[in-house]
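Just below is one structure, and these are the notes that go with it.
What follows is calculated from the coordinates using simple rules that are stated; it is not laboratory data. Source: prediction; values computed, not measured. Cβ placement follows ideal geometry from the backbone for every residue including glycine, while neighbour counts extend to all protein chains displayed.
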Amino acid sequence: MPKSEKRPDPVFKQLMTKAALGVGLEKGPTELQIAQTTSSDMLLVIPTNIPIEDTLFDFFRTTNVIEFKSASDGLTKEAFAVQLARVYLLFAETPALEFSQILNVIVSSRYPREFLKYSQDEGCPFRVDDNREWLYRARIGYQEVALVVCEKLSLEPRYGSWLLFADANTQKWRDFIMMAASQHNWELLELARDLRPKEFNAMASQVLELFEQYGPKERARLKADWWEVIDDLLPKMSSENPEKLLDLMDHALSTLKPEERERLLNFLMNKTPKTEE
């Protein structure tokens, strides 16, 4: 993975935590500390008094053991076996817990075609949920398993934290970027850029075309939001890639009238710290 890209797993947990706090939970997912193979997994407990209808978690149970499989780390039968073991170990070490309270949740960036065929051939078929085409369900022994396929998710704001991880080579990911841009969701757009910079930059022109479609009032409001983003990003850009920032500033100066350019340059000169002689 290129150094310029963020690892998806920590970002997934970050967004899951934010979504959990957003529905009123006192804390987000915790690590499932049972054995070495399970220590990095996510455990999300949702009390029955917390309303989760029309949220990211509307199909969750009280106790949810969550596994994330990124586009570069697809779901395999071996990984699935480990996830099943996690739930059985949790049940074995928690006497008060019933299997009816537990949901084994796997969030997969891609559609795991080979795994689903293997499960079908082995007599453990996953079936599409009646109300959600992106959710596949199966019963394996005592366990209820829910498989979320990010690239099949509906384009709804509540699913943004999962749509971000859809395969960036799919139309669904590109549609998600346009949705986030139309809603001015700077957090998701910045994460998309950090996770998949090549694919995100390829879509930059489409995002600008969307901006051009706005009316004067909407564009003025959007520009005000953008100034806040630019103010936050410029210090990062100057330290990470000063040459690129200089090219950007040179282009911006070329669009100014001579008197405006002179005024700006004088301002910058006065702001530059003087060195001691």
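Take the cross-link list Lys69/Lys117; Lys6/Lys27; Lys13/Lys117; Lys198/Lys244; Lys172/Lys198 and give me the ones stretching past 19 Å between alpha-carbons. With Cα atoms farther than 19 Å apart: Lys6/Lys27; Lys13/Lys117.
Summing charges over neighbours of Pro47, with a neighbour being any other residue whose Cβ is under 12 Å away from its Cβ, gives +1 when K and R count +1 and D and E count -1.
Exposure proxy shown here: for Ser254, Ser182, the number of other Cβ atoms within 10 Å sets the order, fewest to most, as Ser254, Ser182. Counting neighbouring Cβ atoms within 10 Å and putting the fewest first, the residues Trp162, Trp186, Trp134 line up as Trp186, Trp134, Trp162. Fewest neighbouring Cβ atoms within 10 Å first, the residues Tyr136, Tyr111 line up as Tyr111, Tyr136. The slack between Ser72 and Asp9, meaning 0.36 nm per residue of separation minus the straight C-alpha distance, is 21.6 nm. Once the other residues with Cβ under 10 Å from the Cβ of Glu199 are scored (Lys, Arg +1; Asp, Glu -1), what is the net sum? Neighbourhood net charge equals +3.
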